[in-house]
1. Given the C-alpha centroids of region B:23-77 and region A:1-58, what is the distance between them in whole angstrom?
2. Give me the net charge of A:PRO69's neighbourhood, meaning all other residues with Cβ under 14 Å from the Cβ of A:PRO69; Lys, Arg count +1, Asp, Glu -1.
3. Of the options B:THR2, B:LEU47, B:TRP191, report the single residue whose Cα projects farthest towards the positive end of the charge dipole of chain B (beta-carbon charges: Lys, Arg +1; Asp, Glu -1).
4. In debye, nearest 20: dipole of region A:3-93 around its Cα centre with unit charges on the Cβ of K, R (+) and D, E (-)?
5. P(r) for region B:67-210, please, calculated from all Cα pair distances in 10 Å bins and given in %.
6. Averaged across the residues of A:32-40, what count of C-beta atoms belonging to other chains lies within 10 Å of each residue's C-beta?
7. Projected onto the charge dipole of region B:72-183 (+1 at Lys/Arg Cβ, -1 at Asp/Glu Cβ, origin at the Cα centre), which of B:LEU128, B:LEU162, B:TYR91 gives the Cα projection farthest towards the positive end?
8. How crowded by other chains is B:32-45, given as the mean number of beta carbons from other chains within 10 Å of each beta carbon?
Amino acid sequence: MTLARKCSPQTLALLAALMDQPREWQHGYELSKATGLKSGTLYPILTRLSDQGFLDSRWKDAEQPGRPPRHVYRLTAKGLALAREPMKVLADSRSGLKPIKVGAQ
Amino acid sequence: MTLRAISQWLSRQLISAAMHVSPCERKEWAKAMSREVEEIPSVREALWWSLGCFQASCHERLKSMKPTNWWPVRWAMALWIALLAVDILFYAGITLTYKLGLFTGHFPYPRNVPLLEVTPLWEPMLALVSGVVFLLAIVLILKRSRVAFGAVVAPFAITLLLFAVRFSRPESGDLQSLSIAYQKSHFALIWPILGLAITILICLALWQDRQPPAAR
C-alpha cells in the first residue's frame, strides 16, 4: 500500500488544496476555507505533514503595515510527489477499460 | 456588554489558553494559529477558530505527554522490575546451588528433585544474567537513560523463553498447577496475565521515552 492511500480524507483534501497552487505560499485560514476543515483538524495535519518533510512553512510579513506576520505553507518536492499519487490513482481508476494493444489479434 | 464583545473576549481567552496548553516544541504552531484569528472578519467564525486552536493545542499536549515524565511512575516501574529481578535471581540462586552443590558440603544433600535434575546448567546461568541486567535496568529507569528499554526487554524476553522451556518439561508440573488453579477459579489466570501486561506496558512506556521529541 502506498503512503498516499493511507492518508485520511482530510489530509487528501488538504494536499489537493495545496496542489492547486503548488508554488504559492498559503495561509492557514485560506487552507481552511479551501478544504472546509476546522482549525482543530487542519493544524494537527499541517504539523504532521511538516514533521514528515512534506510541507514547508515560514513566517511572511503582512501586506498591510502594522499587522503581525503570518505563518504560510507550501508543499515540498516530497510533498508534491505525495499529493500527485492519489490523483494518479483516481485518474487510473477513472480510465476504466484496459488499453487495447495496437495490432493485437 | 454586547454579544460581539463577549465573543471577542472568549476568543482571546481561548487563544491564550491554547498558547498556554501547547507543548514547548509546538509553541510556534500555536502562535501561527493565533495569528490567523486576527484575519478572520466574522466574530462567530473567529470564536470557532479559537476553539479549534485550543482543541489542536490539547491534542499536541496529549501527544507529547510521556508517563515516564513523572517520578512516581518511574519509581513504580523500577519497583516492578526489582520484583522481577528478585524472582529470577531467586530461581537462579536455588537452581545453581543445587546443580553445583554449593553451600551443601556440610549436609548430604539428596540429589533427587526431578525438575532440577533435568534442568541444564545454562538455564540458571542465563537466568542469573537476566536478573543482573534487570537490576541494572532499575538504575537506568530511575536515571531516565534511553538504554533502559533494551535493559528491560532483553531479560524479559529471556525470562519468557526460560518459562516456555520449563513449561514444556513434564517434570515441572506447571501445566498441572495451572489447570488445577483454573478449575478452582476461572479468574486464577488473571494474575499471571496481569503481570505480563504490566511488564509489556513498562516496555511500551520505555520505548516511547526513547523517541526524540517532535521536530519544531
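1. 18
2. Working: positive: A:ARG58, A:LYS60, A:ARG67, A:ARG70, B:LYS31, B:ARG35; negative: A:ASP61, A:GLU63, B:GLU28, B:GLU36, B:GLU38, B:GLU39.
Value of the local net charge: 0.
3. B:THR2
4. Here the size comes out at about 140 debye.
5. 11, 34, 31, 19, 5, 0
6. Working: counts 5, 2, 0, 0, 0, 1, 7, 14, 13.
Counting Cβ atoms of other protein chains within 10 Å of each residue's Cβ and averaging gives 5.
7. Towards the positive end, the residue furthest out is B:LEU128.
8. Numbers: counts 12, 8, 2, 10, 11, 2, 5, 8, 4, 0, 0, 0, 0, 3.
Taking the mean over all residues of the peptide, I get 5.
FYI, it's all coordinate maths here, none of it is from the lab. Everything numeric in this text was worked out from a predicted model, so none of it was measured. Positions of Cβ are generated from backbone atoms using ideal geometry, with glycine treated the same way; all protein chains shown enter the neighbour counts.
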